[in-house]
Amino acid sequence: MRKVTVSPYNQQWAAMFAEEAEVLRGIFGPEIVAIHHIGSTSVPGLAAKPIIDILPVVRDIGRIDVYNAKMAAAGYEPKGENGIPGRRYFQKGGDQRTHHVHVFQVGSPEIERHLAFRDYLKAHPDEAKAYGELKARLAERYPYDIESYIKGKEQRVREIERRAVRWYREVFLGK
């Protein structure tokens, strides 16, 4: 059974992302347009489950399943769309997860949503701190119940996401 653990920010998370991004570039090669570090581990100072979330942007999502064997050889479990149409999702580390890879095709609105959330929390440290504290409380309350942990932060995530996308569009897209 997987234990829900929320850790204080670790400066090594950025290096862990960079190292794994190189592995993914080696696997996907020219399919890759960009690779982003997303999720809580990408926000300096934010407490997080110590799992590195990576978002590769690719030219054609339809070609990504061809790389499942290479991803498996690198320790990843291919999970298909895993509940989000147009995504290819991979997990590494089994019950002791270390990395999640969320692959999206250029133009997917999911890319903006993830980048907006990350950049908004980077620019709003008070909100990041409050979000981290909520996650820590939930992990303490539900150490072996990932579904309750996720449900407990769901409303806060949606609220942050709404503000983040509006902010991101104004700041980065001039909309």
Checklist entry - Just how many pairs of Lys in segment 1-151 have C-alpha atoms closer than 22 Å, counting pairs that are eight or more places apart or on different chains? => result 19
Checklist outcome for this item: Asserting the computed 222 nm helical MRE of the chain (DSSP H runs at least 4 long, -39500 (n - 2.57) per run, divided by residue count, to nearest 500) equals -16000 deg cm²/dmol
Item to check | Per residue convex hull volume, Cα atoms of the chain, in Å³ | outcome: 112
Next on the checklist: With the crude spin-label approximation of a point 7 Å out along Cα→Cβ, what separation in nm comes out for Ala18 versus Glu147?
Outcome noted: 4.1
Checklist entry - Residue by residue through segment 122-127, which ³J(HN,Hα) values in whole Hz follow from phi under the Karplus form 6.51 cos²θ - 1.76 cosθ + 1.60 (θ = phi - 60°), with glycine and proline marked x? => result 5, 7, 10, x, 5, 5
Checklist entry - Ranked by accessible surface with a 1.4 Å probe, highest first, in what order do Asp95, Asp119, Asp145 come? => result Asp95, Asp145, Asp119
Checklist entry - For Ala72 and Leu173 in the same chain, what is the full-extension length gain: residue separation times 0.36 nm, less their Cα-Cα distance, in nm? => result 32.6 nm
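I'd like the FRET efficiency for Val106 and Glu140, computed as 1/(1 + (r/R0)^6) with the beta carbon distance as r and R0 of 35 Å, rounded to 0.05.
Efficiency at R0 = 35 Å is approximately 0.30.
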Checklist outcome for this item: Phi-derived 3J(HN,Hα) across segment 98-107 with the Karplus relation (6.51, -1.76, 1.60, θ = phi - 60°), rounded Hz, x for Gly and Pro, is 10, 9, 10, 10, 10, 9, 10, 7, 3, x
Checklist entry - So for the pair Arg59, Arg156, with labels modelled 7 Å out along Cα→Cβ, what separation do we get in nm? => result 4.2
Item to check | Net charge dipole size for the chain [Lys, Arg +1 and Asp, Glu -1 on Cβ; Debye, nearest 20] | outcome: 300
Item to check | Where Val171, Val6 fall by accessible area, highest first, once all protein chains stay in place (1.4 Å) | outcome: Val171, Val6
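The values are calculated or read from the model by the stated rules, or taken from the named source; none is laboratory data. Just so you know, these numbers come straight off a predicted model, no measurement behind them. Here Cβ is always computed from backbone atoms with ideal geometry, including for glycine, and neighbour counts include all displayed protein chains. Accessible surface is based on the protein model in full, side chains and every heavy atom, while ligands, DNA and RNA are left aside. Shrake-Rupley method; radii C 1.70, N 1.55, O 1.52, S 1.80 Å.
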